[in-house]
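No lab work stands behind these numbers, since they all come straight from the coordinates. Values in this document were obtained by computation on a predicted structure and should not be read as measured data. All Cβ positions, even for glycine, are placed from backbone atoms using ideal geometry, and neighbour counts span all protein chains on display.
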C-alpha cells in the first residue's frame with residue numbers, strides 16, 4: 001500500500017493491490033463544506049514507448065554519443081546525436097563532430113559527380129557494436145566544440161538490434177479524435193485518467209492502441225490542428241495472444257496491415273513510426289525510419305468521435321483477419337493508396353478519377369478472385385466498360401446508387417447528360433461520365449460543368465469507394481456517412497449490407 005497526501009491535506013491518494021494482483025487507486029478529497037468524496041479506479045497505465053516525446057513537432061533523440069556513417073573514410077567516429085525530425089518533412093538527421101584533420105579540408109572541397117537520380121544515404125553504426133535503445137526525453141541537444149569538424153546528414157532507414165521479441169510498440173502521430181474507449185491512467189499521476197484504449201484480436205495476434213495523455217486534452221488537439229504540425233497522439237502495441245516470442249520479420253506483415261487500416265480510418269496518411277521490440281521488458285530492437293505523415297486536417301472519414309474506439313476495434317479485427325492473406329493485403333495496399341490520394345491530396349476532378357480507378361481494382365478482386373463471377377481476368381476485362389464493372393461491385397455491396405436529393409448541382413447536371421438505354425444517370429453513372437471527360441478528353445471541356453457538380457460527384461464517388469472498402473474488409477458496424485444530410489457528431493448509421 002502506498003499513500004500520498006497533498007500539502008494542505010485536502011487530497012489523499014492510496015494505491016492498493018487486490019488479492020488477484022489488480023491495482024486499485026483510491027482518492028479521498030475533502031470538499032469545502034468539510035464532507036469527503038471517495039474516488040476509486042482500476043485503470044491500467046497508458047502504454048509507454050522509449051521514443052515518446054510530448055509536444056508539437058518535438059525532435060526525438062534516438063542516440064547520443066559516438067557513431068560511424070557507413071560512407072565515412074575516417075578512422076575516428078563522430079560524436080553527436082541522431083534525431084527523428086518533423087520539419088520540413090519527417091527525416092532522420094545525424095549530427096556529429098570530431099577533431100579536425102587535414103584530410104577534412106580536402107573532402108570539404110570535393111563534390112561527388114553522379115548521374116543517378118537517387119541519393120545513397122549512409123547507414124549508421126555504433127563503435128561498440130550496437131546502439132542502445134533508451135528514453136529519448138532524457139537526452140537534450142548538445143553543442144559540439146567550436147574548433148571541431150562538424151557533419152550533418154540524413155541517414156537511411158535501418159534496423160537497430162535484433163529479435164526475437166515478445167511485443168512491438170509503436171508511435172502514431174496525427175491520429176484521430178475519439179471520446180470513447182477504456183480508461184487509462186498516467187503512471188506519474190495516478191489520479192488522472194482519460195478514455196481512449198482500444199483492443200483488437202485477429203487470429204493469433206492482439207493489438208492495443210491508447211490515446212496519449214496530451215492528445216486526450218481537447219485544447220492540445222485544437223492547437224495541433226491549427227498549427228499544421230505533427231505530434232504523437234496514440235501509442236500502439238502488437239503481441240501474440242499467447243505471449244509467445246516472434247521474429248520481427250514475422251511481425252512485419254501485421255504492422256503493414258495496421259498501417260493500411262489506420263490510413264483507411266483517418267482518410268489520410270497515418271504511419272506507425274519508430275517501432276521498438278521488447279523481450280522480458282528489455283528493449284532490444286528498433287526500426288529507425290521516417291515515413292510521411294499528413295497534417296491533422298479535416299478530411300472525410302467514416303468514423304465518429306463518439307464511438308470511434310468501438311468502430312476502430314471492430315474494423316481492425318475484421319481487416320487484420322482479411323489482410324492475413326498476402327494477396328488480399330496487396331489489393332488493399334493499392335486501393336488504400338487510391339483512397340488516400342482521392343480523399344486528401346487532390347482537387348475534386350482528379351479525385352473522381354482516382355476513386356473510380358480504385359473501385360475498378362476492387363471490382364476485379366471481388367468479382368474474379370472472390371465471387372468467381374468471371375473465370376479469368378481477361379473475361380472480366382472483356383465483360384464491358386468501367387461503369388458496368390464498378391456497378392456490379394457496388395450492387396454486390398448493396399450500396400444505394402441514387403443521387404442524394406440534397407446534391408442539387410449533380411442532380412441538375414445528370415439530367416442533361418446523355419442517357420443510357422433510355423435510363424437517366426444515377427450517382428455512379430453521372431460520376432463516371434464526368435470522370436471520362438478528364439480521362440478521355442473530348443471537345444466538351446470539363447469546365448462546361450458546374451464546379452459544385454464536380455464537388456458533389458467527388459463526395460459521392462468517394463463515399464462509394466469508402467463503403468466498398470469497408471465491405472471487402474468485412475466491417476459490419478456503424479459508420480458516419482459523408483452523403484447523409486445529418487452531419488452532426490453522433491449521426492451514424494449501419495453499413496448497408498447488414
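As a footprinting exposure proxy, order 407, 153 by other Cβ within 10 Å, with the fewest listed first.
Working: 407 22, 153 15.
Arranged by neighbour count, lowest to highest, 407, 153 become 153, 407.
What fraction, in whole percent, of alpha-carbon pairs in the chain exceed 44 Å separation? Beyond 44 Å sits 28 percent of the P(r) for the chain. For the chain, the share of DSSP beta bridges that are antiparallel, to the nearest 5, is 100%.
For the chain, what does the relative contact order come out to in percent, with C-alpha contacts under 8 Å and a separation of six or more?
Details: 911 pairs, mean separation 62.1, N = 498.
Normalised by residue count, the contact order of the chain is 12 percent.
What do you get for the angle between helix 386-396 and the principal long axis of the chain? Use alpha-carbon atoms, 0 to 90 degrees, nearest ten. Result, in degrees: 70.
In this rough spin-label picture, where each label sits 7 Å from Cα along the Cβ direction, the residue 159-residue 22 distance is 3.9 nm. Look at 23, 132, 466, 167 and count the other Cβ atoms within 10 Å of each Cβ; fewest to most, that gives 132, 23, 167, 466. For the chain, the longest principal axis of the alpha carbon atoms and the long axis of helix 326-340 meet at an angle near 80°. A straight chain from residue 38 to residue 451 at 0.36 nm per residue would run longer than the Cα-Cα distance by 142.7 nm. Summarising the label geometry, the points placed 7 Å from Cα in the beta-carbon direction at residue 439 and residue 4 lie 6.0 nm from one another.
May I ask you to derive the relative contact order of the range 325-494, considering only C-alpha pairs under 8 Å and at least 6 residues apart, and to give it as an integer percent? Intermediate results must be reported in sequence, preceding the final value.
Working: 171 pairs, mean separation 42.5, N = 170.
Relative CO of the range 325-494 lands at 25 percent.
Among 423, 117, 352, which comes first, second and so on when ranked by fewest other beta-carbon atoms within 10 Å? Intermediate values should be presented prior to the final figure.
Working: 423 8, 117 5, 352 28.
Listed from fewest to most nearby Cβ atoms, that is 117, 423, 352.
Between residue 406 and residue 347, the contour length at 0.36 nm per residue exceeds the Cα-Cα span by 19.1 nm.
Per 0.36 nm of contour for each residue apart, how much would the distance between residue 280 and residue 398 grow if the chain were fully extended, relative to their Cα-Cα spacing?
On the way: separation 118, 0.36 × 118 = 42.48 nm, distance 4.84 nm.
Gain on stretching residue 280 to residue 398: 37.6 nm.
Taking Cα atoms only, the orientation of helix 218-227 departs from the longest principal axis of the chain by about 70 degrees.
On the basis of the beta-carbon distance and an R0 of 35 Å, residue 99 and residue 57 show a calculated FRET efficiency of 0.60. Calculated translational diffusion coefficient of the range 325-494 (10 °C, 1.306 mPa s; Stokes-Einstein with Kirkwood radius over alpha-carbon pairs) equals 96 µm²/s.
For a Förster distance of 35 Å, can you work out the FRET efficiency between the beta-carbons of residue 250 and residue 15, rounded to the nearest 0.05?
Working: r = 37 Å, r/R0 = 1.07.
Given R0 = 35 Å and the Cβ-Cβ separation, E is 0.40.
If you wrap the range 186-244 in the convex hull of its Cα atoms and look at it from every side, the mean projected area works out to 5.5 nm².
Normalised by the number of residues in the range 316-379, what is the relative contact order in percent for Cα pairs under 8 Å and 6+ residues apart? Intermediate results must be reported in sequence, preceding the final value.
Numbers: 34 pairs, mean separation 14.9, N = 64.
So the answer I get is 23 percent.
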